[in-house]
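The values are calculated or read from the model by the stated rules, or taken from the named source; none is laboratory data. Since we're looking at a predicted model, the values are computed, not measured. Every residue, glycine as well, gets a Cβ built from its backbone with ideal geometry; the counts of neighbours run over all protein chains shown. We work out accessible area using only protein heavy atoms, side chains counted, and drop any ligands, DNA or RNA first. Shrake-Rupley method; radii C 1.70, N 1.55, O 1.52, S 1.80 Å.
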Amino acid sequence: MAYKVGSTTIIDDSGQIDWSRIVNAPASDTLAVIAAASAGGVGTYVFATSTSASDAAFGATRAGSALTPTSAASRFADSGAPAQAFTPGAALSGTWRCMGLYDHVVQVSQSMGGGQFATYTMYGATLWLRIA
């Protein structure tokens with residue numbers, strides 16, 4: 001469903017925002033347009049993890065097919081157990097910009113005493129902005 005202000009289409013039927021139509025608009029109009037945007041549309045944000053086995057710096061871009069929405073804790077594994085994962089969402093579409101710092105894997109070792117160590121592997125997630 002398109003969102004219109006008067007006869008001007010601001011968000012089209014696919015959920016894409018035409019930002020050029022809201023420049024210099026009153027804040028209340030702009031916020032209404034943002035609130036009406038479809039999840040996953042250009043200009044929206046998502047907290048996601050990546051299926052790509054590489055880190056992403058602030059400002060880097062990644063295809064949506066390599067991103068899945070997730071919670072703040074994505075998944076973890078320890079040295080003696082299989083990886084535990086939160087159920088990821090479906091892969092996204094479009095192109096997304098990293099708005100944080102994405103570390104694909106972070107390993108932490110913890111002394112268990114007696115010369116024993118447990119290794120924990122954490123898989124990252126961060127905030128992404130859809131740009132195309």
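Can you list residues from other chains, or at least 5 along the same chain, whose modelled amide H is less than 5 Å from the amide H of residue 67?
HN-HN under 5 Å from residue 67: 51, 92.
Only loop residues by DSSP count here, and only those with at most 14 other Cβ atoms within 10 Å; note down the chymotrypsin sites (Phe, Trp or Tyr not before Pro) in segment 40-73 that meet that.
Values: sites: 45, 47, 58; in loops: 58.
Those that pass, being in a loop and sparsely packed, are 58.
Can you put 33, 46, 106 in order of accessible area, largest first, using a 1.4 Å probe? Show your work: numbers first, answer last.
Values: 33 0, 46 25, 106 55 Å².
I get 106, 46, 33, largest accessible area first.
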